[in-house]
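Read the structure below first, then the notes.
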Amino acid sequence: MYSRNKYTKWLDQFAFKPAIKLISGMRRVGKSTLLQLQAESIRARDPHVPILVIDKESMDWDQVRTGEDLHHRVKAEFGGRPGVLMLDEVQEISGWERAVASLLKSASADIYVTGSNARVFSSELSDRLSGRHVELSVHPLTYAEFLEFSGEGDAREPFARFLRHGGMPGLHAISREDTMVFDYLRAIGDTVVLKDVVTRHQIRNVRLLGSLLRFVLDTSGSPLSAKRIADYLKSQNIRTSVDTVLDYLGYFVDARVLHRVRRHDLRGRRILEINDKYFAADVGLRNAILGHRGQDIGIQLETAVCNHLLAGGFSVEVGRWGEYEVDFVATREAARLYVQVAYLLPTAETLERELRPLRAVDDHHPRLLLSMDENFRPDHDGIRWCNVRDFLREFPSPVHG
């Protein structure tokens, strides 16, 4: 079993602290494995502590359907002793929030909860727990983790495979062969769509849902409005409303299939309310749904950089500065980084075109131009130009709860 140290260290530092550990992320990114690793770590500290793991993807736990069921089962299992409770895919238990809050207070339980839908950990939960929880967001493998899992050194071929197959951890137990990989990834996509979108939100028009997802993935990195999407669907003889499009986009974001990247007017210091950009949470999942296309290398690189920044605990926006647009404005606490991403910059004209938005930004924060070029002058008037593969391998990405 592979250990994702940045996550396990985070869990260890909160072990046996009086806070519920919420572990969120798309299905199959390794949340269950993290619970297993944490259980092993706890047993190594204290072999006698009772640990109850309830996996709602297993039929063994079908009888635990409500918060009341959960509360009674845990009380019976622990018998008044302090213990460790791990709830995997908790969104399958109705009313779990009240039960967990009660158990934290009355049973002295060390509680870990995973969920595949962002709305599981909603403001209602935050209100009920009133500051007694911390949250860890788990992402697909970064490129550095991909190399660790595969046992390879950094090189062109592993990086090309990372951009093709993405970072779902389970791939490393299956195959490197494209057909098997994409079959596996499509199965994950189908599971997410069915369980976390169609069933959860009682979607009837599955054709509309699928067409919307494919269109958004196909236009990744481009500004999108709900009206533009509705107009496209209408051109495909699929009628829908702007409100429905907005709802469906929200469902995919909640299920962590898509990341919504808002546009930020850096001069006016305000979030723009229209034309968000959407990126796949995993580049391999996008390739599996749309088919892998060599001409998509630019958006594959953008997607990889966006996901890497998010995995590092940064919030990510598109930056608007006058007439210019910076691909990513990454912010974490007081730190800010401006990032422009391109495939190749073979001429002075194309280089200047990519540098121009970064030059327009008038503050002291670092500015970075990333491309696949390997021979270049690294510094341009304070703008650092580097290889995107080096950035993804070396740029620090600590996890923040």
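Derivation of every value follows stated rules applied to the coordinates shown; laboratory data play no part. Given the structure is predicted, the values throughout are model-derived calculations rather than measurements. Every residue, glycine among them, receives a Cβ derived from its backbone with ideal geometry; neighbour counts consider all protein chains shown.
Laid out as a table, the results:
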item: As computed over segment 9-98, the Cα convex hull volume per residue (Å³); result: 110
item: Potential extension, residue 295-residue 177 segment - 0.36 nm per residue separation minus Cα distance; result: 40.4 nm
item: Full-extension gain in nm, residue 150 to residue 215, via 0.36 nm per residue minus C-alpha separation; result: 20.2 nm
item: Order by protection proxy (mean Cβ within 10 Å, highest first), peptides 151-157, 21-27, 55-61; result: 21-27, 55-61, 151-157
item: Estimated Rh, segment 68-138: Kirkwood, alpha-carbon pairs, angstrom; result: 12.5
item: Cα-projected label distance for residue 191 with residue 260, points at 7 Å along beta-carbon direction, nm; result: 2.6
item: Efficiency of FRET between residue 243 and residue 76 - r from beta-carbon atoms, R0 56 angstrom, step 0.05; result: 0.75
item: Whole-number D in µm²/s for segment 1-49 (Stokes-Einstein; Kirkwood sum over Cα pairs; 25 °C, 0.890 mPa s); result: 212
item: Pairs of lysine residues in the chain - Cα separation under 22 Å, sequence separation of 8 or more or cross-chain; result: 20
item: P(r) weight above 21 Å for segment 307-401, C-alpha pairs, percent; result: 30
item: Highest-MSF residue in the chain out of 111, 274, 93 [GNM, Cα springs under 10 Å]; result: 274
item: Over the chain: helical MRE at 222 nm, DSSP H runs n ≥ 4 each giving -39500 (n - 2.57), nearest 500; result: -12500 deg cm²/dmol
item: Within the chain, percent of DSSP bridges classed antiparallel, to nearest 5; result: 40
item: From phi via Karplus (6.51, -1.76, 1.60), per-residue ³J(HN,Hα) for segment 348-359 in Hz, x at Gly/Pro; result: 4, 5, 5, 4, 5, 4, 7, 6, 4, x, 5, 5
item: Whole-number Å³ per residue for the convex hull built on Cα positions in segment 104-257; result: 176
item: Segment 142-179 residues near the modelled residue 5 label - backbone nitrogen below 19 Å, point 7 Å along Cα→Cβ; result: 142-154
item: Within segment 102-118: backbone nitrogen closer than 20 Å to the residue 52 label point (7 Å, Cα to C-beta); result: 102-115
